[in-house]
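One structure below.
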Amino acid sequence: MAKRKKRRTKKKLIKLNLWLWVSSIVVIAIVATFWSHTLIFDRQQSPASGQVDQQKVAWINQLAPYAREMQEKYGVIASISISQAILESDWHTSTLSTQYNNLYGIKADKNQKSVVLPTQEFENGQWVTIQGRFAAYNSWQESMKAHAELLYHGTSWNSAQYQHVLKAKDYQTAAVALTKDGYATDPTYAKKLIAIIEEWHLSRFDIPQK
């Protein structure tokens, strides 16, 4: 009788081990599938051509949460805030951005901390270089907030200047409105913003409009 019990016990152990082995394979397969989809998703978030620039991705991810916060508070679409920061600061490489935390090329008001730097403006069908007085900020968050407040409150001479940007329900409309409302003199400004948003899939950070 004792021998039979041992044989039954061995059979049960073999079945148990087989079940654990099969279960492990299934779990590994599920994890591998999920991981492969995650990698594909990550690749889809990056530009289609060339190797992903991890520094750019890291910078976008740094700006995104605060851009969403600004959208909730002021109504400026997050992808617009991020794409403008990218375009205006040339991916956070400009002197104005790296040394003075001004990501958006915002001009200084009277009695505001500022710096004078050369900049290009599109006038009478051509690009000209002028000296501009720009705001200097203590942090990039301060710069992003100033940008959102500028669009929300407008300029000192026109409080409703950027009303079309704020009323926009999507980034395409908002980008066009920025040129229409006079944020930039570059006639291709909207196309550049839209291209950046679509290349880097920035609309995934946007809070859906009601």
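What the table below lists for this structure:
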read-out	value
Potential lengthening between residue 62 and residue 95 on full extension [0.36 nm per residue; Cα-Cα distance subtracted]	9.9 nm
Chain lengthening between residue 73 and residue 139 when straightened (0.36 nm per residue, less Cα-Cα)	21.9 nm
Stretchable slack from residue 210 to residue 115, in nm (0.36 nm times residue separation minus alpha-carbon distance)	30.2 nm
Virtual spin-label span in nm between residue 186 and residue 55, 7 Å along Cα→Cβ	2.0
Packing-based exposure ordering (other Cβ within 10 Å, fewest first) of 197, 80, 106	106, 197, 80
Given charges at beta-carbon only (K, R positive; D, E negative), |dipole| of segment 54-205 in Debye	200
Least to most buried among 68, 133 (fewest other Cβ within 10 Å first)	133, 68
Sorted by Cβ neighbour density within 10 Å, fewest at the top, the residues 181, 90	90, 181
Radius, Kirkwood style, for segment 53-196 when every pair of distinct Cα atoms is counted (Å)	15.4
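Bear in mind that the values in this text are calculations on the coordinates, not laboratory data. Worth saying up front: this structure is predicted, and the values here are computed from it rather than measured. Quick reminder, even Gly has a Cβ in these numbers, built from the backbone with ideal geometry, and neighbours come from all protein chains shown.
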